[in-house]
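Participant: Pasting a structure here, questions to come.
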Amino acid sequence: MQQRAETHRGFELQGYLETSELFYEELLGYKPEQTSLEEIPAEQWGEFTTQRGFDSESSGFYLPRNQTAVIREDDSLGLFHEYFGHGLYCEQSLTGRNLVDLEKRLLEEEKQEFDGKEFTLEDLKKFREGNQTFQGLDDFRKRHLGTYELFAVWTEHLLSGEFGLRDEFGRKYDSFGKEDQEVIDSAIGFSNQFGNLAAFYAFGLRKIQDQERLLRLSQGIFGNKLDRTRSVLHFGSGKPFSDVDLFVVSSNIPSTYDPWLDVRAYRPKDMDKGIRVLNPMITDPIVVGELVFGNEDYLNGLKRKIAAQPITEEAIRFNLGEYESELRRSKDNSLGKYLQDKNLRSARIFLANALALREGHKIIKSNKLLDCYHVLSRGGKFIELKGGIE
């Protein structure tokens, strides 16, 4: 009877594993690939953990140096926490990858130090005390441990909901202190409000910025406001670890700036003015962006207006004014480095646009304007414009 129960739990855990992998493939476009899973029989767990110096009360542990999730075979939350939490984080976030790299580097240095020698745990401890890689790893862990563990606990909450195991998660949640519960509640609240995809990206996981996922992300972060939105476009590099750049035409959605998300939002009535003054923050995403949500005819109409818009003195003055405004903001330390850098980039784009327009050139794409800025700045040949800028 005992053997049958253990076999049932094994099949159940295998089902959780396979179904969760499908869930991740569909949501994120990937699943754990480099992480191996080691399941230890429950009756051997105490001896196994004691021999290796781990807490026998734990449900499992993750070894970044060989990317192995070790769990007690009857513990579904351990599977969620170690394999899908720590495993996926170490594979698909820059922080996790750095952790793995440091662990592997330390492992190689330990092998070189003790290869062919007999040594004790005390010898290993002394070696690590004087080892720069270990010191760097220890500092790295301390700085990132909170996010590393929070992601794994949030993963438990996410997957326990997929399999009807919220009561089991609730018992573990009750074991946390009040401060930890508040942090967990914040992560859960974020995913409930903005969607699971937004939560994964906010934790720093790799993004596959295709139309399907960008639409799902937009549905999560904008909710029913999307129904009253004229257009959502994706622009920017679309690189796996860059922020998601969205251009939104809506009266209900505000602009948002975050390390993982940049929403550039304008009201429909602002479109005509933005095109009239050839505002590159508007014209660039309209021309280079890809439609995520909205009417393609509306988008094509905006493109035709941009193509037909003549260069005017108003446009030159506008871009020069925006340059001065963005430059001032780039020097405002209260905004933080992320926004200061964005404002400096914008200032350069506006200045290059004003210079190009003065010379009779209508350059729509922001990357081309940045190229012009760098060429002019290296040559020291900024043209004098009305307003005293050289």
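Participant: Looking at region 205-298, which chymotrypsin sites (Phe, Trp or Tyr not before Pro) are DSSP coil and have at most 16 other C-beta atoms within 10 Å of their C-beta?
Facilitator: Details: sites: F222, F235, F241, F247, Y257, W260, Y266, F293, Y298; in loops: F241, W260.
Passing sites in region 205-298 are F241, W260.
Participant: If you place +1 on the Cβ of every Lys and Arg, -1 on the Cβ of every Asp and Glu, and leave all else neutral, what size is the dipole of region 2-202 about its Cα centre, to the nearest 20 Debye?
Facilitator: Working: 21 positive and 41 negative charges, 89 e Å.
The calculated dipole for region 2-202 is roughly 420 debye.
Participant: A follow-up question, please. Once the Cα atoms of helix 313-330 and of the chain are each reduced to a long axis, what angle between those two axes, in degrees from 0 to 90 to the nearest 10, is obtained?
Facilitator: Orientation of helix 313-330: about 30 degrees from the principal axis.
Participant: Of the DSSP beta bridges with both residues in region 222-309, give the percent that are antiparallel, rounding to the nearest 5. Mind dumping the intermediate values first?
Facilitator: On the way: 13 of 19 bridges.
For region 222-309, the DSSP antiparallel bridge percentage is about 70.
Participant: Evaluate the charge dipole of region 170-312 about its Cα centre and quote only its size in Debye, nearest 20, assuming +1 on the Cβ of each Lys and Arg and -1 on the Cβ of each Asp and Glu. It would help to have the intermediate numbers written out before the result.
Facilitator: Working: 19 positive and 18 negative charges, 94 e Å.
I would put it at about 460 debye.
Participant: For the pair Y30 and R329, how long in nm is the line joining their label points, each one 7 Å along Cα→Cβ?
Facilitator: In this crude spin-label approximation the distance works out to 3.3 nm.
Participant: Let me spell out the model: positive unit charges on the Cβ of Lys and Arg, negative unit charges on the Cβ of Asp and Glu, origin at the Cα centre of the chain. What dipole size does that give, in debye rounded to 20?
Facilitator: On the way: 52 positive and 65 negative charges, 598 e Å.
I would put it at about 2880 debye.
Participant: Quick one: how many lysine pairs does region 109-185 have with C-alpha atoms less than 18 Å apart and a gap of 8 or more or different chains? Give me the count, please. Please list the in-between numbers first.
Facilitator: Values: K111/K125; K111/K126; K117/K125; K117/K126.
Close lysine pairs found across region 109-185: 4.
Participant: Okay, next question. Take the Cβ-Cβ distance between E168 and F190 as r, set R0 to 25 Å, and report the resulting FRET efficiency rounded to the nearest 0.05.
Facilitator: Efficiency computed from Cβ-Cβ geometry: 0.65.
Participant: If you don't mind, there's one more thing I want to ask. Taking +1 at the Cβ of each Lys and Arg and -1 at the Cβ of each Asp and Glu, which of G136, I40, T147 sits farthest along the dipole of region 2-202 towards its positive end, judged by Cα position relative to the Cα centre?
Facilitator: Final value for the positive-end residue is G136.
Participant: Please work out how many pairs of lysine residues in region 216-371 are eight or more positions apart (or on different chains) and have Cα atoms closer than 15 angstrom. Mind showing how you got there, number by number?
Facilitator: Working: K269/K305; K273/K303; K273/K305; K303/K362; K303/K365; K305/K362; K331/K342.
Summing the qualifying lysine pairs gives 7.
Participant: Quick check: the angle from helix 211-222's long axis to the longest principal axis of the chain, C-alpha only, nearest 10 degrees?
Facilitator: The answer is roughly 90 degrees.
Participant: Which residue, chosen from P280, G336, A354, occupies the Cα position most advanced towards the positive end of the dipole of region 227-385, where the dipole is computed from +1 (Lys, Arg) and -1 (Asp, Glu) charges on Cβ about the Cα centre?
Facilitator: A354
Participant: Using a basic spin-label model with each label point 7 Å from the Cα along Cα→Cβ, how many nm lie between S242 and E179?
Facilitator: Computed distance between label sites S242 and E179 equals 3.9 nm.
Participant: Taking the Cβ of D174 as the centre, find all other residues whose Cβ is under 12 Å away and add up their charges (Lys, Arg: +1; Asp, Glu: -1). Provide the component values of the computation, followed by the final result.
Facilitator: Numbers: positive: R171, K172, K178; negative: D167, E168, D180.
Once all neighbours under 12 Å are counted, the net charge is 0.
Each reported figure results from applying straightforward, stated rules to the coordinates on display, with no laboratory input. Since this is a predicted model, take the numbers as computed values, not measurements. Note that we place each Cβ from the backbone using ideal geometry, even for glycine, and neighbour counts take in every protein chain shown.
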